[in-house]
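Asker: Before I ask anything, here is the structure I am working with.
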Amino acid sequence: MDKMKTSEEKQIIVCGSNSQMLKAEALLRRAQISTDLVPTPSHLGSICSTSILIGKNDSAAVEDHIGGTDISYRIYDYQTKKLSGLMKTLMNQGVRQSFLKIMEKLEAGEELSKDEIVRLLDTQSEREEEVLLAAADRMRREIVGDRVEIRAAIEFSNYCKKNCHYCGIRKSCATPKRYRMTADEILAQVHEIHQLGIKTVILQSGEDDYYNTERLIDLIRRIKQETAMAITLSIGERSYEEYRALKRAGANNYLLKIETTNPKVFKSLHPDDDLKERMECTRWLKELGYVTASGNMVGLPGQSLEDIAQDIIFFKEMGIHMIGIGPFVPAKGTPLEQAETGNIDLTLRTVAVTRLVCKNVYLPATTALASADPEGQVKALKAGANTIMLISTPLKYRESYQLYSNKNMINIQSAIDAVKGAGRLLPKYLKWRNEQ
Ligand code: 5AD
Ligand code: SF4
């Protein structure tokens, strides 16, 4: 199936519920109609937070395939966002010409070059930094509105056959007590998340061969039967056939971070991996119709601003839907335990530039940011981020899933505090009454 061309005129289908949206998307894909899933633009309502993008030329075919079904939906024209009025607010703000020029391009809806992205990341003046984060915050508000999407992750196994140098659960790291949750234990957590009204569960683990295709398919089917929630898998590199089988069983989203697009830095961190293969996996996931999540770490040893700019271009060119950006945080007991934590301000600028360049995407305020800075999530939410992932791993296992040291445990209360602290709105689907 052809990828939708970026220049093509587009329309957006907004459905009556999350499960209707997933059903509509599956029907359209089966009919070979090119689709993409994007956060629902705020002016089109807040019932279903994800909507389906189609080429305008396909709208008649779309009506043919979902028109006669029980799916409720509406189709709207879709335009890429420009930041109109931005320059007016920037007059006399004490920012340099080179910076203003880039903002002018953003206002006109033009794409930025790699050098221009580097220039934004490299901002040295406090004033420019403020303006950059505010522009991203405005872009976020205009596109996805003030509601923060909340998802929940279950870290179901910390066994891993790989030895990524930065990671606290790498195979050779003796620190974590190894655990593997049973399907029943996982389901019990899924039900807790479901009762909170949350729509998406993320199943994350190390690269653990015990959880093979067959076991994962059983798990996916049970979750679908019992809750109909959207499922994100985050279980590393697998074969094309395996990704396909998991998709067919009902998995919707896949989180596989690129970590860095610099081949040398990638190689130096991943003794078991190859950057080209990681990219190939990402391409397969797109091709198979997964909603894809990627991301990088900021402040890796040997990483330059050009590398980070290239990461952002990669996310944009690949059409990644969710982009998790976090600082590198050294983990005890790993080869990088003495390395320095990534710079928080640079991480926030990376979040902001990613919002400005990639526009209609989910940008999480990551756990790594919350771990490196207690205010990290609030700051990210004010710099373009619009998503929070809760950690819903049972208490007795959480301690053992320390990808990096002092990992912050984002629970529902801390997520709500971050949303409120940033002056934002909770999603309507959340069934949580805060009595305190
Ligand atoms: N610092 C920051 N992020 C890390 N991750 C793993 N180890 C670290 C670390 N030391 C992130 C990676 C990985 C995800 C599961 O956790 O981005 O993809
Ligand atoms: Fe394993 Fe993932 Fe950690 Fe690498 S980053 S060691 S693949 S859990």
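The values are calculated or read from the model by the stated rules, or taken from the named source; none is laboratory data. Since we're looking at a predicted model, the values are computed, not measured. Every residue, glycine as well, gets a Cβ built from its backbone with ideal geometry; the counts of neighbours run over all protein chains shown. Side chains are part of the model used for accessible areas, which takes the heavy atoms of the whole protein and leaves out ligands, DNA and RNA. Shrake-Rupley method; radii C 1.70, N 1.55, O 1.52, S 1.80 Å.
Asker: Quick one: in the range 75-89, of everything that is within 18 Å of THR50 (Cβ to Cβ) and among the hydroxyl-bearing types (Ser, Thr, Tyr), which residue is modelled with the highest pLDDT?
Answerer: Checked the range 75-89; the qualifying residue modelled with the highest pLDDT is TYR76.
Asker: For GLN402, state whether it is among the polar types (S, T, N, Q), at negative phi and surrounded by fewer than 19 Cβ atoms within 10 Å (Cβ to Cβ).
Answerer: No: the conditions fail for GLN402.
Asker: Hey, LYS407 hits all of (1) away from ligand 1 (no atom under 16 Å from the Cβ); (2) among the charged types (D, E, K, R); (3) in contact (Cβ under 8 Å) with a residue 40 or more places away in the chain but one; which does it fall short on?
Answerer: Tallying (1) away from ligand 1 (no atom under 16 Å from the Cβ); (2) among the charged types (D, E, K, R); (3) in contact (Cβ under 8 Å) with a residue 40 or more places away in the chain, LYS407 fails exactly one: (1).
Asker: Let me ask another. Here are the criteria: (1) open to solvent by 10 Å² or more (accessible area, probe 1.4 Å); (2) assigned to a helix (DSSP H, G or I); (3) out of contact with any helix residue (DSSP H, G or I) (no Cβ under 8 Å at 6 or more places or on another chain). Tell me which single one ILE416 does not satisfy.
Answerer: (1)
Each row is one residue, and each column tells you yes or no for (1) at pLDDT 95 or above; (2) among the charged types (D, E, K, R); (3) under 22 Å from ALA293 (Cα atoms).
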{"position": "TYR73", "(1), (2), (3)": "no, no, no"}
{"position": "MET91", "(1), (2), (3)": "no, no, no"}
{"position": "ARG96", "(1), (2), (3)": "no, yes, no"}
{"position": "LYS101", "(1), (2), (3)": "no, yes, no"}
{"position": "GLY145", "(1), (2), (3)": "no, no, yes"}
{"position": "PHE156", "(1), (2), (3)": "yes, no, yes"}
{"position": "CYS164", "(1), (2), (3)": "yes, no, yes"}
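Asker: Here are some residues: ALA134, ALA188. Which one is open to solvent by 40 Å² or more (accessible area, probe 1.4 Å), away from ligand 1 (no atom under 16 Å from the Cβ) and closer than 30 Å to PRO301 by Cα?
Answerer: Checking each option against the conditions leaves just ALA134.
To keep it simple, each residue is scored yes or no on (1) outside any helix (DSSP H, G or I); (2) in contact with a Cys (Cβ under 7 Å, 6 or more places away or on another chain); (3) within 16 Å of ligand 2 (Cβ to nearest atom).
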position	(1), (2), (3)
THR232	yes, no, yes
GLU237	yes, yes, yes
ALA245	no, no, no
ARG248	no, no, no
ALA251	yes, no, no
LYS257	yes, no, yes
LYS264	no, no, no
SER268	no, no, yes
PRO271	yes, no, yes
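Asker: Under the condition of being in contact with a helix residue (DSSP H, G or I) (Cβ under 8 Å, 6 or more places away or on another chain) and open to solvent by less than 10 Å² (accessible area, probe 1.4 Å), which residue from the range 156-178 is nearest to ligand 1 (Cβ to nearest atom)?
Answerer: Going through the qualifying residues, I end up with ASN158.
Asker: Say whether the condition of being part of a helix (DSSP H, G or I) and open to solvent by less than 10 Å² (accessible area, probe 1.4 Å) is met by at least one residue in the range 330-340.
Answerer: Taking every residue of the range 330-340 in turn, none turns out to be part of a helix (DSSP H, G or I) and open to solvent by less than 10 Å² (accessible area, probe 1.4 Å).
Asker: Before we move on, is SER42 at pLDDT below 80, closer than 20 Å to THR292 by Cα, open to solvent by 20 Å² or more (accessible area, probe 1.4 Å) and of a type in the set (Gly, Ala, Ser)?
Answerer: no
Asker: A further question follows. Can you pull out the residues in the range 319-329 that are buried (at least 18 other Cβ atoms within 10 Å of the Cβ) and either away from ligand 2 (no atom under 16 Å from the Cβ) or within 21 Å of ARG119 (Cα to Cα) (or both)?
Answerer: ILE320, HIS321, MET322, ILE323, ILE325, GLY326, PRO327
Asker: Could you tell me which residue of the range 308-318 is farthest from ASP122 (Cα to Cα), considering only residues that are open to solvent by less than 20 Å² (accessible area, probe 1.4 Å) and either modelled with pLDDT under 95 or more than 15 Å from ligand 1 (Cβ to nearest atom) (or both)?
Answerer: ILE312
Asker: Looking only at the range 51-80, which residues are open to solvent by less than 60 Å² (accessible area, probe 1.4 Å) and aromatic (Phe, Trp, Tyr)?
Answerer: Within the range 51-80, TYR73, TYR78 meet the criteria.
Asker: Restricting the search to the range 283-307, which residues are open to solvent by 30 Å² or more (accessible area, probe 1.4 Å) and more than 14 Å from ligand 1 (Cβ to nearest atom)?
Answerer: ARG283, TRP284, LYS286, GLU287, GLY302, SER304, LEU305, GLU306
Asker: Return the residue satisfying two criteria in turn: it lies in the range 231-267 and is under 19 Å from the mean Cα position of the chain (by Cα) and more than 16 Å from ligand 1 (Cβ to nearest atom), and of such residues it is surrounded by the fewest Cβ atoms within 10 Å (Cβ to Cβ). Show your work before the answer.
Answerer: As a first pass, look at the range 231-267 and keep what is under 19 Å from the mean Cα position of the chain (by Cα): 231-237, 243, 247, 251-261.
If we keep only those that are more than 16 Å from ligand 1 (Cβ to nearest atom) too, we end up with 231, 243, 247, 251-252.
On the way: ILE231: 22, TYR243: 22, LYS247: 17, ALA251: 25, ASN252: 22.
Once the filter is applied, the top-ranked residue is LYS247.
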